[in-house]
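Trainee: Sharing a structure with you now.
The values are calculated or read from the model by the stated rules, or taken from the named source; none is laboratory data. Computed from a prediction, not measured in an experiment: that's the story for all the values here. Reconstructed Cβ throughout: ideal geometry from the backbone, glycine too, with neighbour counts over all protein chains shown. Just so you know, the surface numbers come from the protein's heavy atoms only, side chains and all, with ligands and any DNA or RNA stripped out. Shrake-Rupley method; radii C 1.70, N 1.55, O 1.52, S 1.80 Å.
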Amino acid sequence: MTVPAGDGQSFQAYVSRPAAPNGRAIIVLQEIFGVTPAIRDVADRFAAEGYLALAPDLFWRIRPGIELSHSKEDIAFAFDALKQFDESLAVQDINRVVEHIHGEMGPDAPVAVLGMCLGGKLAYLCAARIDVGAAVSFYGVGIEKNLDEADKVSCPLLLHIGARDNYIDAMAREQIAHTLATRPGVALHVYEQAGHGFYTREASTSRETAHERTMAFLEASLGSAA
(Lines give C-alpha, C1' and ligand atoms only; values in the text may rest on other atoms or scores of the structure.)
Protein backbone atom coordinates (compact mmCIF):
# COMPACT_ATOMS: atom_id res chain seq x y z
CA MET A 1 0.00 0.00 0.00
CA THR A 2 1.21 3.49 -0.84
CA VAL A 3 0.62 6.08 1.90
CA PRO A 4 0.76 9.81 1.07
CA ALA A 5 3.33 11.69 3.18
CA GLY A 6 2.59 15.23 2.04
CA ASP A 7 4.59 17.51 -0.28
CA GLY A 8 4.09 15.03 -3.09
CA GLN A 9 5.96 12.30 -1.23
CA SER A 10 4.77 8.84 -0.20
CA PHE A 11 5.99 5.68 1.48
CA GLN A 12 5.11 2.01 1.37
CA ALA A 13 3.41 -0.19 3.94
CA TYR A 14 3.13 -3.95 3.98
CA VAL A 15 -0.55 -4.90 4.22
CA SER A 16 -2.04 -8.14 5.52
CA ARG A 17 -5.79 -8.36 4.96
CA PRO A 18 -7.96 -10.62 7.11
CA ALA A 19 -10.12 -13.35 5.62
CA ALA A 20 -12.79 -12.51 8.20
CA PRO A 21 -12.49 -8.77 9.03
CA ASN A 22 -13.43 -7.69 12.55
CA GLY A 23 -13.74 -4.00 11.67
CA ARG A 24 -10.50 -3.02 13.43
CA ALA A 25 -6.96 -2.27 12.26
CA ILE A 26 -3.51 -2.53 13.75
CA ILE A 27 -0.32 -0.75 12.68
CA VAL A 28 2.79 -2.86 13.29
CA LEU A 29 5.84 -0.71 13.96
CA GLN A 30 9.22 -2.03 12.88
CA GLU A 31 12.41 -2.78 14.74
CA ILE A 32 15.66 -1.11 13.62
CA PHE A 33 16.02 -3.77 10.91
CA GLY A 34 13.15 -2.48 8.79
CA VAL A 35 10.00 -4.25 7.60
CA THR A 36 11.55 -7.70 7.76
CA PRO A 37 9.92 -11.14 7.43
CA ALA A 38 9.58 -11.14 11.24
CA ILE A 39 7.59 -7.89 11.14
CA ARG A 40 5.46 -9.14 8.28
CA ASP A 41 4.80 -12.33 10.25
CA VAL A 42 3.48 -10.24 13.16
CA ALA A 43 1.16 -8.41 10.77
CA ASP A 44 -0.01 -11.73 9.32
CA ARG A 45 -0.65 -13.09 12.81
CA PHE A 46 -3.01 -10.23 13.62
CA ALA A 47 -4.67 -10.45 10.21
CA ALA A 48 -5.43 -14.08 11.03
CA GLU A 49 -7.23 -12.72 14.11
CA GLY A 50 -9.40 -10.47 11.95
CA TYR A 51 -7.41 -7.21 11.95
CA LEU A 52 -6.43 -5.21 8.90
CA ALA A 53 -2.68 -5.10 9.62
CA LEU A 54 -0.22 -2.62 8.15
CA ALA A 55 3.53 -2.39 8.69
CA PRO A 56 4.80 0.94 7.32
CA ASP A 57 8.35 1.51 6.12
CA LEU A 58 9.42 4.08 8.72
CA PHE A 59 13.00 4.28 7.40
CA TRP A 60 11.85 5.52 4.00
CA ARG A 61 13.36 8.98 4.55
CA ILE A 62 16.78 7.34 5.02
CA ARG A 63 16.42 4.72 2.31
CA PRO A 64 13.17 3.09 1.17
CA GLY A 65 12.84 -0.64 1.62
CA ILE A 66 15.55 -1.24 4.21
CA GLU A 67 15.36 -4.90 5.26
CA LEU A 68 18.27 -6.12 7.35
CA SER A 69 19.44 -9.39 8.87
CA HIS A 70 21.17 -9.83 12.24
CA SER A 71 24.62 -10.10 10.69
CA LYS A 72 27.38 -7.94 12.17
CA GLU A 73 27.41 -5.73 9.07
CA ASP A 74 23.63 -5.26 9.02
CA ILE A 75 23.50 -4.51 12.73
CA ALA A 76 26.13 -1.80 12.22
CA PHE A 77 24.08 -0.38 9.33
CA ALA A 78 20.91 -0.47 11.46
CA PHE A 79 22.49 1.53 14.26
CA ASP A 80 23.84 4.03 11.74
CA ALA A 81 20.33 4.40 10.27
CA LEU A 82 19.00 4.90 13.79
CA LYS A 83 21.29 7.92 14.22
CA GLN A 84 19.64 9.50 11.17
CA PHE A 85 16.12 8.57 12.24
CA ASP A 86 13.71 11.33 13.28
CA GLU A 87 11.18 9.98 15.79
CA SER A 88 8.88 12.99 15.50
CA LEU A 89 8.62 12.62 11.73
CA ALA A 90 8.01 8.89 12.19
CA VAL A 91 5.07 9.60 14.51
CA GLN A 92 3.70 11.94 11.86
CA ASP A 93 4.06 9.17 9.29
CA ILE A 94 2.24 6.75 11.59
CA ASN A 95 -0.56 9.28 11.95
CA ARG A 96 -0.79 9.40 8.16
CA VAL A 97 -1.23 5.62 8.18
CA VAL A 98 -4.05 6.05 10.71
CA GLU A 99 -5.70 8.59 8.41
CA HIS A 100 -5.21 6.28 5.43
CA ILE A 101 -6.91 3.44 7.32
CA HIS A 102 -9.81 5.70 8.25
CA GLY A 103 -10.13 6.66 4.60
CA GLU A 104 -10.52 2.98 3.72
CA MET A 105 -12.49 1.66 6.71
CA GLY A 106 -14.34 4.77 7.85
CA PRO A 107 -13.50 7.49 10.38
CA ASP A 108 -14.79 5.49 13.35
CA ALA A 109 -12.77 2.34 12.69
CA PRO A 110 -10.71 1.49 15.80
CA VAL A 111 -6.97 1.57 15.12
CA ALA A 112 -4.22 0.31 17.44
CA VAL A 113 -0.45 0.60 17.17
CA LEU A 114 1.91 -2.18 18.19
CA GLY A 115 5.68 -2.09 17.99
CA MET A 116 8.86 -3.91 18.98
CA CYS A 117 12.20 -2.37 20.03
CA LEU A 118 12.31 0.98 18.16
CA GLY A 119 8.68 0.39 17.29
CA GLY A 120 7.92 -0.22 20.94
CA LYS A 121 9.11 3.26 21.82
CA LEU A 122 7.19 4.71 18.88
CA ALA A 123 4.03 2.98 20.11
CA TYR A 124 4.47 4.77 23.45
CA LEU A 125 5.05 8.10 21.67
CA CYS A 126 1.94 7.55 19.55
CA ALA A 127 -0.11 6.99 22.71
CA ALA A 128 1.09 10.40 23.91
CA ARG A 129 1.02 12.36 20.67
CA ILE A 130 -1.66 11.15 18.26
CA ASP A 131 -5.20 9.80 18.36
CA VAL A 132 -5.14 6.00 18.40
CA GLY A 133 -7.46 3.55 20.10
CA ALA A 134 -4.75 1.59 21.91
CA ALA A 135 -0.98 1.10 21.97
CA VAL A 136 1.14 -1.97 22.67
CA SER A 137 4.87 -1.68 23.31
CA PHE A 138 7.17 -4.69 23.22
CA TYR A 139 10.56 -3.90 24.81
CA GLY A 140 10.50 -0.26 23.72
CA VAL A 141 14.10 0.94 23.92
CA GLY A 142 14.48 4.46 25.25
CA ILE A 143 11.00 5.02 26.68
CA GLU A 144 12.64 6.17 29.93
CA LYS A 145 14.04 9.16 28.01
CA ASN A 146 10.52 10.37 27.17
CA LEU A 147 8.72 9.86 30.46
CA ASP A 148 8.00 13.58 30.56
CA GLU A 149 5.27 12.72 28.03
CA ALA A 150 3.58 10.16 30.29
CA ASP A 151 0.86 12.62 31.32
CA LYS A 152 -0.08 13.00 27.65
CA VAL A 153 -0.86 9.30 27.16
CA SER A 154 -4.50 9.40 26.09
CA CYS A 155 -5.31 5.80 25.19
CA PRO A 156 -4.94 2.39 26.83
CA LEU A 157 -1.27 1.37 26.81
CA LEU A 158 0.21 -2.10 27.35
CA LEU A 159 3.96 -2.64 27.79
CA HIS A 160 5.89 -5.92 27.67
CA ILE A 161 9.55 -6.05 28.79
CA GLY A 162 11.90 -8.99 29.34
CA ALA A 163 13.85 -9.03 32.60
CA ARG A 164 16.90 -10.25 30.66
CA ASP A 165 16.75 -7.49 28.06
CA ASN A 166 20.24 -6.13 27.45
CA TYR A 167 18.87 -2.84 26.10
CA ILE A 168 16.44 -2.04 28.94
CA ASP A 169 18.21 -2.40 32.27
CA ALA A 170 16.64 -2.71 35.70
CA MET A 171 16.92 1.02 36.36
CA ALA A 172 15.12 1.88 33.12
CA ARG A 173 12.39 -0.66 33.89
CA GLU A 174 11.94 0.84 37.35
CA GLN A 175 11.74 4.38 35.96
CA ILE A 176 9.13 3.32 33.42
CA ALA A 177 7.09 1.35 35.96
CA HIS A 178 7.23 4.07 38.61
CA THR A 179 6.19 6.86 36.22
CA LEU A 180 3.40 4.95 34.51
CA ALA A 181 2.05 3.19 37.61
CA THR A 182 -0.52 5.87 38.34
CA ARG A 183 -1.65 6.38 34.76
CA PRO A 184 -5.16 5.03 34.11
CA GLY A 185 -5.37 2.39 31.42
CA VAL A 186 -1.64 1.55 31.50
CA ALA A 187 -0.34 -1.96 32.25
CA LEU A 188 3.26 -3.21 32.34
CA HIS A 189 4.31 -6.87 32.33
CA VAL A 190 7.87 -8.05 32.97
CA TYR A 191 8.84 -11.52 31.75
CA GLU A 192 11.53 -13.02 33.97
CA GLN A 193 12.89 -15.50 31.44
CA ALA A 194 12.74 -13.24 28.38
CA GLY A 195 15.45 -11.23 26.66
CA HIS A 196 15.29 -8.59 23.95
CA GLY A 197 13.30 -9.57 20.88
CA PHE A 198 11.39 -12.38 22.54
CA TYR A 199 8.16 -11.66 20.66
CA THR A 200 9.66 -12.13 17.19
CA ARG A 201 12.76 -14.28 17.68
CA GLU A 202 11.82 -17.17 19.92
CA ALA A 203 8.97 -19.59 20.46
CA SER A 204 8.50 -19.44 24.21
CA THR A 205 5.97 -19.31 27.01
CA SER A 206 6.77 -15.60 27.39
CA ARG A 207 5.89 -14.95 23.77
CA GLU A 208 2.60 -16.82 23.92
CA THR A 209 1.63 -15.24 27.24
CA ALA A 210 2.42 -11.78 25.88
CA HIS A 211 0.35 -12.46 22.77
CA GLU A 212 -2.61 -13.69 24.80
CA ARG A 213 -2.43 -10.61 27.01
CA THR A 214 -2.20 -8.40 23.94
CA MET A 215 -5.26 -9.97 22.32
CA ALA A 216 -7.28 -9.55 25.51
CA PHE A 217 -6.06 -5.97 25.88
CA LEU A 218 -7.01 -5.06 22.30
CA GLU A 219 -10.41 -6.67 22.70
CA ALA A 220 -11.09 -4.67 25.84
CA SER A 221 -9.65 -1.43 24.47
CA LEU A 222 -11.07 -1.43 20.95
CA GLY A 223 -14.40 -3.13 21.55
CA SER A 224 -15.82 -6.47 20.48
CA ALA A 225 -15.43 -7.77 16.95
CA ALA A 226 -17.82 -6.43 14.34
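Trainee: Given the protein chains as shown and a 1.4 Å probe, how many square angstrom of Arg213 are accessible, to the nearest 10?
Mentor: Here the accessible area works out near 90 Å².
Trainee: Using Cα springs under 10 Å in a Gaussian network model of the chain, which residue among Ala109, Ala38, Ala203 shows the largest mean-square fluctuation?
Mentor: Evaluated over the chain, the most mobile residue of the options is Ala203.
Trainee: If you split all Cα-Cα distances of the range 1-95 into 10 Å bins from zero, what percentages do you get per bin, shortest first?
Mentor: Distribution as computed: 17, 45, 30, 8, 0 percent.
Trainee: Oh, and also: Which loop GluC sites (Glu not before Pro) in the range 11-74, with loop taken from DSSP, have no more than 11 other Cβ atoms within 10 angstrom of their Cβ?
Mentor: Answer by residue number: there is no such site.
Trainee: Going through the range 176-225, which GluC sites (Glu not before Pro) have at most 10 other Cβ atoms within 10 Å and a DSSP loop state?
Mentor: Loop-located and lightly packed - Glu192.
Trainee: Something else: Considering only C-alpha atoms, what is the centroid distance from the range 33-75 to the range 152-201, in Å?
Mentor: 22 Å
Trainee: Right, something else. Please report, largest first and rounded to whole Å, the three semi-axes of the ellipsoid equivalent to the range 166-226, where each semi-axis is the square root of five times an eigenvalue of the C-alpha gyration tensor.
Mentor: Calculated on Cα positions only, the semi-axes equal 22, 19, 7 Å.
Trainee: With each run of n ≥ 4 DSSP H residues scored as -39500 (n - 2.57), what mean residue ellipticity at 222 nm is computed for the chain after dividing by its residue count and rounding to the nearest 500 deg cm²/dmol?
Mentor: Taking each H run of at least 4 residues, the total per residue is -12500 deg cm²/dmol.
Trainee: Sticking with this structure for a sec: List, in order, the whole-Hz ³J(HN,Hα) value for each residue of the range 172-187 obtained from phi through the Karplus relation with A = 6.51, B = -1.76, C = 1.60 and θ = phi - 60°; use x for Gly and Pro.
Mentor: 5, 4, 5, 4, 5, 4, 5, 6, 8, 4, 8, 7, x, x, 10, 10
Trainee: Hey, which lysines would be in cross-link range of Lys72, C-alpha to C-alpha under 19 Å, not counting anything within fewer than 8 residues on its own chain?
Mentor: Of all the lysines, those that pass the test against Lys72 - Cα under 19 Å, at least 8 places apart if same chain - are Lys83.
Trainee: Using only the Cα atoms of the range 33-189, what are the Rg and Dmax in Å?
Mentor: 15.5, 44
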